[in-house]
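In what follows, a structure is listed as structure tokens, so that the remarks can point back to it.
Laboratory data are not the source of any read-out in this text; all were calculated from the coordinates shown. This is a predicted model, so every value here is computed, not measured. Every residue, glycine as well, gets a Cβ built from its backbone with ideal geometry; the counts of neighbours run over all protein chains shown.
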Amino acid sequence: MKIENKKDMPIGVFDSGVGGLTVAREIMRQLPNESIVYFGDTARVPYGSKSETTIIRYSRQIIRFLLTKEVKAIVIACNTASALALDAVRKEFKIPIIGVVAPGARAAREETINKKIGVIGTEATVKSEIYKKLIQAEDPQISVSGRACPLFVPLVEEGFAKHKITREVIDIYLSDMRESDIDTLILGCTHYPLLRSTIREYMGEKIHLVNPAYETAMDLKRLLEEEEMLRDTPVNDQEEHGEYSFYVSDAADKFKQFANSILPYDIETTKQINIEEY
């Protein structure tokens, strides 16, 4: 069924797995009338250790899938894919596409007082130095130090966010950063806000944590307003919010269980699809 009015079309959101749900959660909160089609690439998570060529290929496949759902805009709710694939897919697809890196970089730049910022993320995101490039393009005086934390993603995916083993891993990864003089820390992976309270407790009150998920939702709102695509009423009278559908490339039941533990609304079903067909 073709959707006549662009305002009524859903937002496409994708990530390597469950991390992008932190972005979907903020879109649900900040833009309650919008519908969302979410895709989690659970068969191929994590993205952080993959090559740029592979990440671009994955992103193309997912965008082609989301376009079959008649989305009006796409949010790459994954720092690795935002860092490595955003420019490439923007050139290929005639649809507004935003990532999570630029909103997070801008928020950190505005937040820092002593001009010393830390970034934690996957190996691919940290190696790309994308946050450093975006921040220093606006203010070359700001120093940006990065730290890859590859074990955070599987710990979150396994539901170990509050486990003592996670606190030990945080200490291993972040002890140097805690002793440094940064005053702002970017949670440069969409899984990491699910560790936010534990990281905050470890890093202390003097370091401000930047959650790019919230900033991305606000950027999306501005984009939809500019394009006159912002939906002003819910999809139907029975609901106070848009319609949400979820797709994954593997382990649908496990994904649904996790999603229902962090989203403001319960999701009824999650469909598994073969993403390699796209």
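For the reader, a short list of remarks on this structure follows.
- Per residue, the convex hull volume that the Cα atoms of segment 102-212 enclose (Å³): 85
- In terms of packing, defined here as the mean over residues of other Cβ atoms within 10 angstrom, the peptides 156-166, 251-261 line up highest first as 251-261, 156-166.
- For the chain, the longest principal axis of the Cα atoms and the long axis of helix 21-30 meet at an angle of about 70 degrees.
- Cβ-derived FRET efficiency at R0 22 Å, Arg29 paired with Arg196, nearest 0.05: 0.90
- The residue list Ile95, Gln30, Ala124 was ranked by how far each Cα lies along the charge dipole of the chain toward its positive end, using unit charges on Cβ atoms, and Ala124 comes out on top.
- Placing a label point 7 Å from the Cα of Asn5 along the Cα-to-Cβ line, the residues of segment 227-268 whose backbone N sits under 18 Å from it are 227-244.
- The string of couplings for segment 86-98 from the Karplus curve (6.51, -1.76, 1.60, θ = phi - 60°) is 4, 4, 5, 6, 4, 6, 8, 10, 8, 8, x, 10, 10 Hz, one whole number per residue in order, with x for Gly and Pro.
- One chain, two ends: Ser49 and Leu223. Fully extended at 0.36 nm per residue, the span grows by 59.5 nm beyond their Cα-Cα distance.
- The string of couplings for segment 141-153 from the Karplus curve (6.51, -1.76, 1.60, θ = phi - 60°) is 6, 7, 9, 10, 10, x, 9, 6, 10, x, 7, 4, 4 Hz, one whole number per residue in order, with x for Gly and Pro.
- Among the trypsin sites (Lys or Arg not before Pro) in segment 47-148, those located in a DSSP loop and surrounded by at most 16 other Cβ atoms within 10 Å of their own Cβ are Lys69, Lys94, Lys115.
- For a label point 7 Å along the Cα-to-beta-carbon line of Glu158, residues of segment 33-49 with backbone N under 15 Å: 46
- Efficiency of FRET from Cβ geometry, Ser145 and Arg167, R₀ 30 Å, rounded to 0.05: 0.85
- Here the calculated FRET efficiency for Glu179 and Ile262, from their Cβ-Cβ distance with R0 = 25 Å, stands at 0.20, rounded to the nearest 0.05.
- Bridging of Lys7 to lysines at a Cα separation below 16 Å is possible for Lys69, Lys72, Lys221, once same-chain residues fewer than 8 apart are set aside.
- Folded to 0 to 90 degrees: helix 252-262 orientation relative to the chain principal axis, Cα: 60
- Pair-distance profile P(r), taking every C-alpha pair of the chain, with 5 angstrom steps and integer %: 1, 6, 13, 18, 19, 17, 13, 8, 4, 1, 0, 0
- Segment 1-108 - convex hull of the alpha-carbon atoms, volume per residue in Å³: 106
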